[in-house]
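Worksheet: the structure to be examined is printed underneath.
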Amino acid sequence: TAYKRSYGDRAKAQSNPAARALLETMERKKTNLCVSVDTVKPADFLAIIDAVGPYICLIKTHIDILEDFEWSIIERLEELAKKHDFLIFEDRKFADIGNTVAMQYAAGVYKIASWAHITNAHPVPGPSIVKGLSSIGFPLQRGLLLLAEMSTAGALTKGTYTEEAVQMARVHNDFVIGFIAQRRMNGIGAAPGEAQDEDFIILTPGVGLEAKGDAMGQQYRTPREVVLESGCDVIIVGRGVYGKDLSDIDGIRARAERYRGEGWSAYLERIAS
Ligand code: BMP
């Protein structure tokens, strides 16, 4: 099965350019770490990205958290992505009808499709959301992740909801490259014998080495649990890396290095087993 193969091997079989580039970057830089930079001040945002850049395959943004947004932040982000060789994932969580999300993705203040290699969507509106986003993103060689599961306590993303999210992805697997989820999704809800060689990339938030959760329902598991035991591909780490003191750049760099190491050794163990 796909998750026992190397990232580099899996890259070769991907037809979506964003999926292929992500897996190739992981193999080349030997990292399955995605850092989520959830900061309010653009200066912190850019300084943290520059510090963690060498250790990551992907940076995850919530661009609408930034205060005093201006386009030069995007230009700087793109320069850092080139300098450190990583991709950009805007965690936009689109959730509206196809016609609306197409405009939200292409236009407005942030013009997400123009700079984010990857974005994500809730499957709740049904296939129209994928159609709408694909009409903008597919010609730009972008990739979409569906939120099949969430990391928070009491999340409604379970059972047939998760199964139907996977079915939706299967129908649009040129543009949908994988899932935000807590475990591997290949083959879920498929008839026996079908979907044998599908290979969805699983990106997993709710990863932390120190805490078990936060005061607002977040739940953390370790990189080892996520990558080795649950078969996920990319660990998404926010506060575990940037911590409480955003000016402690050395600490941030050291934590990124640590999570990279933990994630990568769990992966090596997985493909060797
Ligand atoms: P932290 O590691 O600091 O808990 O941050 C997790 C990040 O991942 C946040 O940006 C959050 O929006 C995102 N996220 C999540 O925590 N759980 C999900 O199920 C989906 C997410 O996108």
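Here is a yes/no grid of residues against (1) surrounded by fewer than 17 Cβ atoms within 10 Å (Cβ to Cβ); (2) without any contact (Cβ under 8 Å) to a residue 24 or more places away in the chain:
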| site | (1), (2) |
| --- | --- |
| 15 | yes, no |
| 21 | no, no |
| 31 | no, no |
| 46 | no, no |
| 50 | yes, no |
| 53 | no, no |
| 59 | no, no |
| 66 | no, no |
| 72 | yes, yes |
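Pull up the stretch 236-273, narrow it to residues that are buried (at least 17 other Cβ atoms within 10 Å of the Cβ) and among the hydroxyl-bearing types (Ser, Thr, Tyr), then point me to the one that is farthest from residue 151 (Cα to Cα). Filtering first and then ranking leaves 267. If you filter the stretch 236-273 down to residues that are part of a loop (DSSP other than H, G, I, E, B) and of a type in the set (S, T, N, Q), you find that the one that is nearest to residue 6 (Cα to Cα) is 273.
Within the stretch 106-113, does at least one residue satisfy the condition of being crowded, with 23+ Cβ neighbours inside 10 Å, within 20 Å of the chain's Cα centre (by Cα), within 16 Å of the ligand (Cβ to nearest atom) and over 29 Å from residue 71 (Cα atoms)? Among the residues of the stretch 106-113, not one is crowded, with 23+ Cβ neighbours inside 10 Å, within 20 Å of the chain's Cα centre (by Cα), within 16 Å of the ligand (Cβ to nearest atom) and over 29 Å from residue 71 (Cα atoms), which makes the answer no.
Selection of the stretch 114-159 for residues being surrounded by 23 or more Cβ atoms within 10 Å (Cβ to Cβ) and in a helix (DSSP H, G or I) yields 129, 130, 132, 133, 137.
Of the residues making up the stretch 210-230, those that are small (Gly, Ala, Ser), within 11 Å of the ligand (Cβ to nearest atom) and either part of a loop (DSSP other than H, G, I, E, B) or closer than 20 Å to residue 271 by Cβ (or both) are 211, 217. Scanning the stretch 162-209 for residues that are more than 14 Å from the ligand (Cβ to nearest atom), among the β-branched types (Val, Ile, Thr) and either outside any loop (DSSP other than H, G, I, E, B) or in contact with a strand residue (DSSP E or B) (Cβ under 6 Å, 6 or more places away or on another chain) (or both) gives 166, 171, 176, 177, 201.
Here is a yes/no grid of residues against (1) at pLDDT below 95; (2) buried (at least 19 other Cβ atoms within 10 Å of the Cβ); (3) in contact with a His (Cβ under 7 Å, 6 or more places away or on another chain):
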| residue | (1), (2), (3) |
| --- | --- |
| 196 | yes, no, no |
| 203 | no, yes, no |
| 207 | no, yes, no |
| 213 | no, no, no |
| 216 | no, no, no |
| 220 | no, yes, no |
| 223 | no, yes, no |
| 227 | no, yes, no |
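The values are calculated or read from the model by the stated rules, or taken from the named source; none is laboratory data. Computed from a predicted model, the values in this text were never measured in an experiment. Heads up, the Cβs are rebuilt from the backbone with ideal geometry, glycines too, and the neighbour counts pull from every protein chain shown.
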